[in-house]
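The values are calculated or read from the model by the stated rules, or taken from the named source; none is laboratory data. This structure is a prediction, so every number in the text was calculated from the model and none was measured. Here the Cβ positions follow ideal geometry from the backbone for every residue, glycine too, while neighbour counts run over all protein chains shown.
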Amino acid sequence: MPWDDPDAVALRLRQEAEIHARFADADAEPGVRPRAADVVAFVLVRDRAGVALGCGGIRAIDARTGEIKRMYTAPDARGRGVGRMVLAELERIGRTHGWTRMLLETGEELPEAVGLYTACGYTRTDNYGPYVGEPLSVCFGKDLVPR
C-alpha cells in the first residue's frame, strides 16, 4: 500500500489523535519521522467490506535490520487479530529484503502495544538509535527466521 494512500493517511491521523489524547507530550518523536521516501512497505488490513482496520510500516535501519513504524489498530477492531496480521506481513516483507532482525520502539504507557509485541515473539532490547537515553521509550526486537 502506498504511504500516501487515503486510508493509510486516515489511520495514521487516527493514531496521532489517539496518542495526543492519551499523552501530554505527544508531539515529541526522537529521530526522523517516517515518510514515503524511507518507508519500504506499508500494510493495511481491511475487513470484508473494504474498511481499513489497522496498519503498519517498515523502513530499513541497515542492510539486515528493519524498523516497524506506525502500527495502529482502530479501537473498534482491537482484539480481533489485526495487529498480529500486520506484524506477520511486515515480517514476511522484511524477509524478502534479506532482513534478519526487526526492531521497534513504543512506550511503557502503551500496555496494549507491549502485550501485542511480546505475544508475537518480540523481546525487550536496549534502546537503539534516536531512542537511546529516552526515558519514555522502550524498544523491542525479534530475529526473523527464514521461511
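Laid out as a table, the results:
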| item | result |
| --- | --- |
| Meets criteria (at pLDDT below 95 and either of a type outside the set (Lys, Arg) or in contact with a strand residue (DSSP E or B) (Cβ under 8 Å, 6 or more places away or on another chain) (or both)) for residue 14 | yes |
| Residue in region 124-146 that is surrounded by fewer than 16 Cβ atoms within 10 Å (Cβ to Cβ) and in contact with a Phe, Trp or Tyr (Cβ under 8 Å, 6 or more places away or on another chain) present | yes |
| Inter-residue pairs, beta-carbon under 8 Å, first on the phi < 0 side of the Ramachandran plot and in region 109-127, second surrounded by fewer than 12 Cβ atoms within 10 Å (Cβ to Cβ) and in a helix (DSSP H, G or I), 6+ apart | 109/22 |
| Selection from region 10-65 of residues that are of a type in the set (Gly, Ala, Ser), closer than 27 Å to residue 76 by Cβ and not in a strand (DSSP E or B) | 10, 17, 21, 24, 26, 49, 50 |
| Pairs where the first residue, in region 35-48, is within 12 Å of residue 12 (Cβ to Cβ) and the second is hydrophobic (A, V, I, L, M, F, W, C) and part of a strand (DSSP E or B), C-beta under 6 Å, 6+ apart | 44/52; 44/55 |
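So that you can scan it fast, the table gives a plain yes or no per residue for (1) closer than 18 Å to residue 30 by Cα; (2) outside any loop (DSSP other than H, G, I, E, B):
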position: 79; (1), (2): no, no
position: 83; (1), (2): no, yes
position: 86; (1), (2): no, yes
position: 89; (1), (2): no, yes
position: 99; (1), (2): no, no
position: 112; (1), (2): no, yes
position: 115; (1), (2): no, yes
position: 121; (1), (2): no, no
position: 133; (1), (2): yes, no
